[in-house]
Amino acid sequence: MRKEFLPFSPPFVGEEEVEAAVQALRSGWITTGPRAKEFETAFAARLGAPGALALSSCTAALHTALVTLGIGPGDEVVTTPITFAASANVIEHTGARPVFVDVEPDTLNLDPAAARAAVTPRTKAILPVHFTGHPCEMDAIHALASEHGLAVVEDAAHALPARYRGKLVGSSANPVAFSFYATKNLTTAEGGMLTGEPTFLDRARVVALHGMSRDAWRRYERGGSWRYDIELPGFKYNMPDLLAAIGLVQLRRLEAMQKRREEVVAAYAKAFAGHAALEVPVRRSHVDPAWHLYVLRLRLDRLTIDRDTFLEKMREQNIGCSVHFIPLHTQPFYRRKYKLQPDDFPVAYGNFTRMLSLPLHPGLTDQDVADVADAVLEVASRHAR
Ligand SMILES: *Cc1c(COP(=O)(O)O)cnc(C)c1O
């Protein structure tokens with residue numbers, strides 16, 4: 001058994017990130033400015049995105065996108081219950097109603113057929129989440145959206161870098177939101193990016209910074225004017241240069257970090273292949289997942305313990321695991337407000353009761369990966385039915 005506890009997902013930053021942050025601090029400009037601009041340009045270029053807007057979080061990016069689209073009270077936005085709270089909370093923030101629909105049994109992504117069935121005259125947008133970094137069926141989602149004149153706002157918090165039919169998530173014209181939270185595939189400690197059309201992002205930039213028609217950086221440039229206009233009561237969602245400096249380094253390391261994630265996934269797949277009690281994550285043939293999470297599903301009929309106990313046994317083996325996600329329709333706020341039952345979305349709820357997330361990050365050594373796999377196999381065989 002492993003001697004030291006293996007944390008689930010420590011941040012993966014090195015001396016280069018430290019150096020870049022220190023340089024930014026010493027540069028004389030620490031909040032949003034030239035580095036944030038450079039990060040936006042480099043990020044858009046890396047994805048082939050029409051444009052990019054650096055923000056304080058993915059939550060901020062999603063909220064900004066919905067507000068810029070004009071979504072508000074009386075509107076409905078179709079989304080998935082298998083996601084982090086932010087995806088639906090931002091819909092609530094606009095005054096619109098999140099309409100949950102069930103997920104596909106293999107990917108656990110929003111089911112386009114269920115989304116179609118949920119469209120009403122009040123529906124304004126679809127908010128798909130690329131769960132674990134496996135892209136949603138975007139062809140079906142865009143087809144549904146264009147039939148009904150709906151916007152598509154993608155939650156790509158897990159999906160950097162992911163490809164759907166050869167195209168990188170974030171390279172499309174619709175708004176796509178990325179997260180640079182501490183545990184995400186690319187981190188700035190906290191941060192996010194909104195990609196989309198430049199004309200849309202110009203309006204989003206105003207929404208995300210006080211509703212101010214000129215940003216502070218330009219105001220303080222030589223030749224800049226002290227005048228500004230408040231066009232609407234906007235938010236305070238800008239990304240400081242201090243964090244953009246870290247993001248620029250992480251972006252250069254993205255490919256190497258991604259390669260390591262893929263190696264870890266391959267090692268897990270090999271270790272768990274053909275095991276009666278373990279279901280490994282799927283990968284549809286037309287996508288390249290970003291592998292943000294490794295969600296293992298237990299065949300509970302083959303085990304004498306439930307998922308929660310399995311997780312405890314993993315901790316006893318000194319392996320930190322987690323669960324992504326507690327379905328949103330079972331959370332008190334959403335359950336009460338919309339009078340939802342766990343079985344309203346049986347695929348989402350049924351899979352929730354049997355899934356756990358194993359450590360998956362670029363900092364894992366081959367020994368760490370072997371320790372995780374051994375612990376899973378040990379717990380599964382000791383509690384086999
Ligand atoms: C992390 C996460 C978010 C929120 O990202 P922040 O950058 O922390 O705001 C949104 N959606 C999903 C699916 C996430 O995992």
Residues located in region 128-175, provided they are within 16 Å of the ligand (Cβ to nearest atom) and on the phi > 0 side of the Ramachandran plot: Thr132, Gly133, Gly170
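Please work out if Pro34 is away from the ligand (no atom under 16 Å from the Cβ), over 20 Å from Asp155 (Cα atoms) and touching a helix residue (DSSP H, G or I) at 6+ places or on another chain (Cβ under 8 Å). First the steps, then the outcome.
Working: away from the ligand (no atom under 16 Å from the Cβ): yes; over 20 Å from Asp155 (Cα atoms): yes; touching a helix residue (DSSP H, G or I) at 6+ places or on another chain (Cβ under 8 Å): yes.
In short, yes.
Any residue in region 280-288 that is under 22 Å from Pro7 (Cα atoms) and not assigned by TED's automatic domain parsing to the domain that holds Thr41? Walk me through how you get there before you give the answer.
The first filter runs over region 280-288 and keeps only residues under 22 Å from Pro7 (Cα atoms), leaving 280-281.
So of that shortlist, the ones also not assigned by TED's automatic domain parsing to the domain that holds Thr41 come out as 280-281.
Yes: one or more hits.
Looking at this structure, is Thr330 open to solvent by 30 Å² or more (accessible area, probe 1.4 Å) and either at pLDDT 95 or above or of a type in the set (Phe, Trp, Tyr) (or both)?
On the way: open to solvent by 30 Å² or more (accessible area, probe 1.4 Å): no; either at pLDDT 95 or above or of a type in the set (Phe, Trp, Tyr) (or both): yes.
Considered against the rule, which asks whether it is open to solvent by 30 Å² or more (accessible area, probe 1.4 Å) and either at pLDDT 95 or above or of a type in the set (Phe, Trp, Tyr) (or both), Thr330 comes out as no.
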I want to confirm something. Restricting to region 70-90 and keeping residues that are under 25 Å from Asn351 (Cα atoms) and more than 12 Å from the ligand (Cβ to nearest atom), which single residue is surrounded by the fewest Cβ atoms within 10 Å (Cβ to Cβ)? Val77
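Name the single residue, out of those in region 162-171 being farther than 15 Å from His142 by Cβ and open to solvent by 20 Å² or more (accessible area, probe 1.4 Å), that is farthest from the chain's Cα centre (by Cα). Reasoning before the result, please.
To start, the set of residues in region 162-171 that are farther than 15 Å from His142 by Cβ comprises 162-163, 166, 168.
Still in the list and also open to solvent by 20 Å² or more (accessible area, probe 1.4 Å): 163, 166, 168.
Working: Arg163: 14, Gly166: 20, Leu168: 15 Å.
Looking at the filtered set, the residue picked out is Gly166.
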Which of the helices (runs of 4 or more DSSP H) found entirely inside region 1-69 contain at least 2 residues meeting this: without any contact (Cβ under 8 Å) to a residue 24 or more places away in the chain and surrounded by fewer than 19 Cβ atoms within 10 Å (Cβ to Cβ)? 15-26, 34-47
Where a residue in region 313-342 is touching a residue at least 60 places away in the same chain (Cβ under 8 Å) and its partner, wherever it lies, is loosely packed, with under 12 Cβ neighbours inside 10 Å and aliphatic (A, V, I, L, M), with Cβ under 9 Å and at least six apart: Gln317/Met1; Asn318/Met1
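The values are calculated or read from the model by the stated rules, or taken from the named source; none is laboratory data. Keep in mind it's a predicted model, so treat the numbers as computed, not measured. Positions of Cβ are backbone-derived with ideal geometry, glycine not excepted, and every protein chain shown enters the neighbour counts. Remember, those area values only see protein heavy atoms, side chains included, never the ligands or the DNA or RNA. Shrake-Rupley method; radii C 1.70, N 1.55, O 1.52, S 1.80 Å.
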